[in-house]
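Notes to accompany the following structure.
The values are calculated or read from the model by the stated rules, or taken from the named source; none is laboratory data. It should be emphasised that the depicted structure is a prediction, and the values quoted were computed from it without experimental measurement. All Cβ positions, glycine included, derive from the backbone under ideal geometry; neighbour counts span all protein chains shown.
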Amino acid sequence: MVNLHPQSTLLGAVILARHGDRLEFFQDPLTYTPSATSLTPLGTVQELQLGSFLRATYLDPTNPSTFIAGISPDLVDIAQVIVRADAAGEGSVIQESVNALLQGLYPPTPSFSITLANGTNVVGAMGGYQYVPVESVQPNLDISLNSFTSCPNFDLHTQAFYNSDEFKAKAQAAAPFLQALKPYVGNRSLDFINMFNIFDFVNVEMIHNKTFLDALPATFAAQAYALANYHENGVFTDGKIDGIGNVAIQTILPSIFSSLTRIANQSDPLKLALNEISYKPFISLFNITAATEKNPEIAGIVDYTSVVSLELRASPAGPPMVTMRFKNGTAEHTFRPLSIFGKADIPLSEFIGRLAPAAINSTSQWCQACNQHVLRGCSGCV
């Protein structure tokens, strides 16, 4: 169990958060090119709740063990907070999600006000709604939050997984279940390489279609989820820390390193870095940090509004320490500790040093790692 070192100071955190509930979408199982979809009203509520959870955890001065020292808890100081959102092919789902999350993290406050020269006090719009800047990370301009599409070497990695004896054996074992599922999924392909899309349809329908929910046999949803977890974990992991199967997190690592280093620097105002993303980087992160060795149940698709926090604490007698904590969607109400390379916490220098070989630090490095020469800015790379 992670020791939160209540006597130590929480300097800040880097947050990775998944978007909220959305409608069904399709992603090509060979290239992972997605179709557009829409955030639902439920998704906005889930994200608001996640923001409120993060607020109660990190912005509550009455909770000294998890309050971020020096952060402005009510009126946001935009120098202390960085927010980035993946603006990839799922439409505006991820960007809308982070906006809802921010309403919970920094809700409207009458403190967002100003007194004019004539003595009039004006509270900001909508009761002091706080407009926190969000960087929209466009995949064709910045590969950092969505690096697994248009990546030929990643596509080869995916195909190699599908061609493996292990995958073929799993597909054969899954075939009877998929045939039993056929009456419930219409004309969707039951090829095991399409397992994520099969699961996604089942999951979305169970949330939004009462007729489907009532008709589906009780064990089918869990079976589809387990098979999809195997499928996605195989695609978005690699046996080598710098292997292309981990590319979903490899391009995020530089910003994680930079944010944690800035947080450790007492002269830098940064306290909290929030990245709103899809489920894929979670899988790769848990793989490269070996978190799944002690918690194998986290290998796979994290639920909507799941969140990982990389906390940085000042050690009473040593370097600042990184702790990783995880909450899997709305079903979990508290963070759980995860190990990093088998340890409860790890010095920041060691965290960066062990993961640096996996990091992809620039578009040109990504182009080389992916063997991409034309798309996403690669035509200008030597």
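Quick notes on this structure:
- Residue ID - nearest to G51 (Cα to Cα), chosen from residues in the stretch 289-325 that are of a type outside the set (S, T, Y) and assigned to a helix (DSSP H, G or I): I298
- Whichever residue in the stretch 87-111 is hydrophobic (A, V, I, L, M, F, W, C) and at pLDDT 95 or above and, among such residues, is farthest from E276 (Cα to Cα): L105
- Of residues in the stretch 326-379 being closer than 18 Å to A264 by Cβ and part of a loop (DSSP other than H, G, I, E, B), the one nearest to the chain's Cα centre (by Cα): A359
- Test: residue in the stretch 279-288 that is at pLDDT 95 or above, in a loop (DSSP other than H, G, I, E, B) and of a type outside the set (F, W, Y): no
- Complete set of residues in the stretch 90-99 that are surrounded by fewer than 23 Cβ atoms within 10 Å (Cβ to Cβ) and outside any loop (DSSP other than H, G, I, E, B): Q95, E96, N99
- Some residue of the stretch 178-199 being among the small types (G, A, S), modelled with pLDDT of 95 or more and crowded, with 18+ Cβ neighbours inside 10 Å: no
- Note on the stretch 61-89: among residues that are of a type in the set (D, E) and within 16 Å of Y131 (Cβ to Cβ), the one that is surrounded by the most Cβ atoms within 10 Å (Cβ to Cβ) is D74.
- Residue in the stretch 195-218 that is in the same structural domain as D77 (by TED's automatic domain parsing), of a type in the set (S, T, N, Q) and in contact with a strand residue (DSSP E or B) (Cβ under 8 Å, 6 or more places away or on another chain) present: no
- The set of residues from the stretch 282-296 being surrounded by fewer than 23 Cβ atoms within 10 Å (Cβ to Cβ) and among the polar types (S, T, N, Q) comprises T292, N295.
- Of all residues in the stretch 188-246, those being of a type in the set (K, R) and closer than 22 Å to K170 by Cα number 1.
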